Structure formats: structure tokens, C-alpha cells
Ligand code: NAD
């Protein structure tokens, strides 16, 4: 990744998936810029960014399009182009990440979709315009997009739309040599993950039932991001790639666990 420049969006703290990805990319020589949401998180993100040699740390709330534009304007002042983007941003009202999907409100549906899905399209469009020599983008999704996952509710619907937008963006930017992929991560204990009701139960359930009998680390997700953002995956675009200890392939819990 030496000589490659990329924007990391979605670090909240050192448990964030985006941080696991950033560490891996930096260890392989990439030059990074970071965004943070709000001043409180800025105080956490700035020292993390500094620790991997980055002094480009910019505020961004994707609900405010002007702040997205300001990020790219600030990048233009420092860099003459961009090679990759990591989008690890999602939000929904936690009162609706429990109970029935049918009870989702119109307001939270629209907000969840904007932050967790459409922000990737708005960011991808701006990033692609700066990827003069081709490039790569990665977003983060979850298996609740294609399968019923208790409590995941409107976030599952947003992730399904996010995955569809990965395919459409791959189609739009493919002719320019820009690849767009998603990593579908297994459960990780993060701020966002904790917002989902029964998160601890789901985490332990996946640990007991996934073929690898464990959950994944943010560094392992970082390894897959390195693949997608480098020439290692030069022929791959529009892909939804599971990094979940194989949980997505199982059809039922292990009988020995159920019987115990
Ligand atoms: P996290 O809480 O560390 O990161 C979520 C990030 O989204 C935070 O940095 C937050 O500031 C940002 N964000 C939310 N609303 C925003 C807004 N309006 N503008 C700008 N940024 C905003 O949690 P995480 O688990 O690392 O989440 C990163 C991504 O990974 C999300 O897309 C999440 O859905 C996805 N994911 C998480 C898991 C998991 O189990 N934790 C599993 C699969 C996928």
C-alpha cells in the first residue's frame, strides 16, 4: 500500500471496525486521512490517527451534506488524488433495534437509510471523482441483510439496500477502474453493535455455532479490507464478502449445544 492514499470514515474508538482496518492498512504503508462524528469522538480519533502517522482528521456528519463536501474540499488541499475509501458508518434509533420490524417509524426508516446506506453513495461519488488512476472502496455490512436476524430490523433493510448499492456503484465506476466491494462482518463488540437488543446473546450464539467456533477480530476484518483495497483483489468488484467465521453457511444451531 506504499504510496496509496485513503480516507477512513467511521472510527469512533479503538474498538471500531474502521480502526482495525486503518491499523492494517497503515502497517502496510498506506497514507491515511480520518473523519469523526462530533467533537467528543474527535478527541478519541485524533490520537488514534496520529499513532498511525496521520494528521488529517476531519469532522463529518453524513446527515449534513455540506460537512461531507467540506471533507473532500479539505482533502483536495492536501492530496492531489485519492486511491481508496473505507465507509464504516451506520446508525438507527436503538428503540427500534428491538421488537418488531413492522413497528419501525417513518422518521427512523428514512434516517437509518440515509446514514447507513445513501451516505455511501454520496461519498463514493465524491471519492470516485478524485480517483484518477483507478481506485477501490469498501463498505461494511452484516448478514441481517439477507436473513432474518432478531432485533436487527430496519438496519437489515438498510444493509440490503447498501449491498444493492455496492453492485450498482461497481457498475457505475467499473469502467474507470474503480472497484466497489462490501465486507459482511460477524458480530463485533463496538458502540454500534451494542445498540442492538440481545447483542451479547447473538455474539455468544455465533461463537458457539460458527464453523470456526469463534467471532472475528477487527484485525481479521482489516486483512480482508487490505485485500479489497489493494491489487490482491484487482479482478474483484461488486462482491459481498463474509468475514464471520463461516456463520453464514450454517442452517441450524449445533445439536450438542442445544441438548447441553
Ligand atoms: P462503531 O460504533 O465503532 O462505528 C460506527 C461509526 O458510525 C461511528 O464512528 C459513528 O460515529 C459513525 N456514524 C454514525 N452516524 C454517523 C453520521 N451521521 N455521520 C458520520 N458518522 C456516523 O461500530 P462498528 O461496529 O465498528 O460499525 C462500523 C460499521 O460496521 C457499520 O456500518 C456497522 O453496521 C458495520 N458492522 C458492524 C458489525 C458489528 O457487529 N459491530 C457487524 C457487521 C457490520
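Observations on the model:
- Whole-number percent relative contact order across the chain, with pairs defined as alpha carbons under 8 Å at least 6 apart: 20 percent
- Exposure proxy ranking, count of Cβ atoms within 10 Å, fewest first, for 56, 183: 56, 183
- Comparing 97, 75, 232 in a Gaussian network model of the chain, where Cα atoms under 10 Å apart are tied by springs, the biggest mean-square fluctuation is seen for 232.
- D_trans [Stokes-Einstein, Kirkwood Rh over alpha-carbon pairs] for the range 51-116, 37 °C, 0.692 mPa s, µm² s⁻¹: 226 µm²/s
- Sorting the Cα pairs of the chain by distance into bins of 10 Å, from 0 upward, gives 7, 31, 37, 19, 5, 1, 0 percent per bin.
- P(r) of the range 108-200 over all Cα-Cα pairs, binned every 5 Å from zero, in whole percent: 3, 14, 23, 22, 17, 11, 7, 3, 1
- On Cα atoms only, tilt of 119-128 relative to the major axis of the chain in degrees: 30 degrees
- In the frame of its principal axes, the range 64-165 has Cα extents of 48, 25, 15 Å, reported largest first.
- The distance from the alpha carbon centre of the range 63-97 to that of the range 1-20 is 12 Å, rounded to a whole number.
- Euclidean distance of C-alpha centroids, the range 191-260 and the range 143-157, integer Å: 14 Å
- Above 21 Å, the calculated P(r) of the range 170-260 contains 44 percent of its Cα-Cα pairs.
- Scaled against the 2.2 N^0.38 Å expected of a compact globular protein of N residues, the Cα radius of gyration of the range 2-125 reads 1.12.
- In plain terms, the C-alpha convex hull of the range 33-78 casts an average shadow of 3.0 nm² when viewed from every direction.
- Ellipticity estimate at 222 nm from DSSP helix runs (n ≥ 4, -39,500 (n - 2.57)) divided over the chain, nearest 500: -12500 deg cm²/dmol
Laboratory data are not the source of any read-out in this text; all were calculated from the coordinates shown. If you're wondering where the values come from, they're calculated on a predicted model, not measured in any experiment. Please note: Cβ atoms are built from the backbone with ideal geometry, for glycine as well, and neighbour counts cover all protein chains shown.
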